[in-house]
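Structure, as structure tokens:
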Amino acid sequence: MKIVKVARIFSLLALMATLFMTSCKDDAVKPTLKSSVTANDLLAPTATAYVLTVENASNTLETFKWTATNFGFNAAVTYKLQIDKSTGDFTSPIELASVSNGKLEAAIKVSDMNEKLLGLGLNPEEAASIKLRVTSTISDKIATVISSVKTITVTPYATSFPPIYGMGAALNGWGPWPDAAVEVQSPSFKKYETIAKFTNGQAFRFFAQADWGPVSYNYPFFTSVSSLFENANDGDSNLKFIGTTGFYKVEVDLKAKTVLMTAVDEPVMYMTGAGTGGWDKPGTGASVKMTFVKPGVFVADANFVVGAFRFFAQADWGPTSYNYPYFTTVDAKFENANDGDKNLQFKGSPGPYKITVDINKKTVVVGDLPKPVLYMTGAGIGGWDKPGTGVSINMTYISAGVYEATANFVNNETFRFFPQADWSPSYNFTYFTTVDPLFVNANDDDTNFRYVGVSGSKTINVNLNTKVVSVK
């Protein structure tokens, strides 16, 4: 027994010496094995072509098998199953499996093979040839034996489905990116759909990215297009929408090169409750109609006060509404009202906010908005300077629609209110229903306010909601 062990030790030392001498000559050259080493052989798989599908992702695609490598002595061998493109030379192979303890096979799941194929750079739903081999090692510093190479054809499936985008006057206008873009979501590989408002007589185009280039799809790209479109013949051969202005479901198949259109009702979402102004029936009164962004996603700029509210998917109390427990992620400015309907309770600082609700992801996100402004300008307060400049007065925001300012008013002179640092739009005397008697209708071309009191300092309060102008 001792003699056998000594013989094995000497055999191993001889092999190591041979490899060491070879590697000393050129580290970039693989070691030359002794003639006593018998290389393993990758056996032919059960098929030559494999089409992978997401439906079979958990199944075994193939159990790859190989023969053992004989190093001339008993050794703990690690076998690695590797793949490369048909044009590759295994300089940077991708490893499918690594086994040891005498195991001479590896069962590869469909999902695992698919992941490796996509990592290799293969295109989904396109057949491609790949090479397979098995390497055998007993130590990284001692030996690597490489098997014969087998070639198979594989067709991977897609695992991610990025959207495409619609851009143009038929939708939200020709820019800017990304604000004006309409996202067309992808439910499966190279298939896309969304709901959007289309404008009659206007053109647009599909883009593969949220930018003007490099890839876009115009009318001639498609082989079958809905009769609601025609070639715009505008230099870019965009798609011109010739249907009735309204909301449509658009379905795009870039593989079949088709575009389908179906008229649909406008997707709606309302907020109503004390937290947004009052428990008016959705679609009436103080309820807030949100803006449709894409299926399931709505935004609104709204003024919130401490109180409860709920989302409603129609201009009515039912059948569909969304309360606090429906969502999985809700902004910290809201909590469960724990009332009978478990509404959302606003608990933040009252004021204007941008709110985004995503019914698909079950999220409610809130962002701060700049407080609205109201300017006074005119000879009645010092001069007709452009709102936001000169002697014009930026009134103090009190609450939603309510502003206040102290100003020196000039007897018998005129002025007007402006909700932005510009001339249009504006609020003149006739907009309001109740006005302090210190002001009258100037009856000029703009029906401005005319101050008829004694010149001097006054504190004026403007309520755009109740349409009241009062003086303290």
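Read-outs throughout are calculated quantities, based only on the coordinates presented, and are distinct from any laboratory measurement. Since we're looking at a predicted model, the values are computed, not measured. Reconstructed Cβ throughout: ideal geometry from the backbone, glycine too, with neighbour counts over all protein chains shown.
Separation of the alpha carbons by more than 18 angstrom is noted, of K333/K467; K249/K361; K342/K362, for K333/K467; K249/K361. Full extension of the chain between V293 and K371 gives 25.7 nm of extra length, using 0.36 nm per residue less the Cα-Cα distance. The value of relative contact order for segment 347-472, using C-alpha pairs under 8 Å at least six residues apart, is 22 percent. The distance linking segment 150-171 with segment 41-86 is 29 Å (Cα centroid to Cα centroid, whole angstrom). Listed by Cβ neighbour count within 10 Å, with the fewest neighbours leading, M271, M113 appear as M113, M271.
Of all lysines in the structure, the ones whose alpha carbon falls short of 17 Å from that of K65, not counting any fewer than 8 places away in one chain, are K80, K103, K109, K131, K150.
Pairs of Cα atoms nearer than 8 Å and 6+ residues apart set the relative contact order; for segment 216-312 it is 20 percent. Tell me whether segment 167-263 comes out rounded, prolate or oblate; compute the Cα gyration tensor, take square roots of the eigenvalues as a ≥ b ≥ c, and use a/c under 1.5 as the rounded threshold. Rounded, since a/c falls under 1.5.
Here the dipole of segment 167-263 is about 240 debye; that uses its Cα centre as origin and unit charges on the Cβ of Lys and Arg (positive) and Asp and Glu (negative).
Ranking of S216, S98, S58 by neighbouring Cβ atoms within 10 Å, starting from the fewest: S58, S98, S216. Dividing the summed -39500 (n - 2.57) terms of all DSSP H runs of n ≥ 4 by the residue count of the chain sets its mean residue ellipticity at 222 nm at -2500 deg cm²/dmol.
Of T199, G307, P214, which is farthest on the positive side of the dipole of segment 195-320, counting Cα position, with +1 on Lys and Arg Cβ, -1 on Asp and Glu Cβ, and the Cα centre as origin? The Cα lying farthest towards the positive end belongs to G307. Fewest-first ordering of E413, E55, E230 by other beta carbons within 10 Å of each residue's beta carbon gives E55, E230, E413. Taking all Cα pairs closer than 8 Å and separated by 6 or more residues, the relative contact order of segment 335-384 comes to 22 percent.
Could you tell me whether segment 375-471 comes out rounded, prolate or oblate from its Cα gyration tensor? Rule is a ≥ b ≥ c as square roots of the eigenvalues, rounded for a/c under 1.5, then prolate if a/b exceeds b/c, otherwise oblate. Cα axes put segment 375-471 in the rounded bin. Placing unit charges on each Cβ (+1 for Lys and Arg, -1 for Asp and Glu) gives segment 346-472 a dipole about its Cα centre, and among S457, I359, P387 the Cα reaching farthest toward its positive end belongs to I359. Shape descriptor for the chain: Rg over Rh equals 1.23 (Cα atoms; Rh from the Kirkwood inverse mean 1/r).
Let me know the shape class of segment 303-444, please: from the alpha-carbon gyration tensor, a ≥ b ≥ c as square roots of the eigenvalues, rounded when a/c is under 1.5, otherwise prolate if a/b is greater than b/c, or oblate. The shape class here is prolate.
This model, with +1 at the C-beta of Lys and Arg and -1 at the C-beta of Asp and Glu, gives the chain a dipole about its Cα centre of some 1980 debye.
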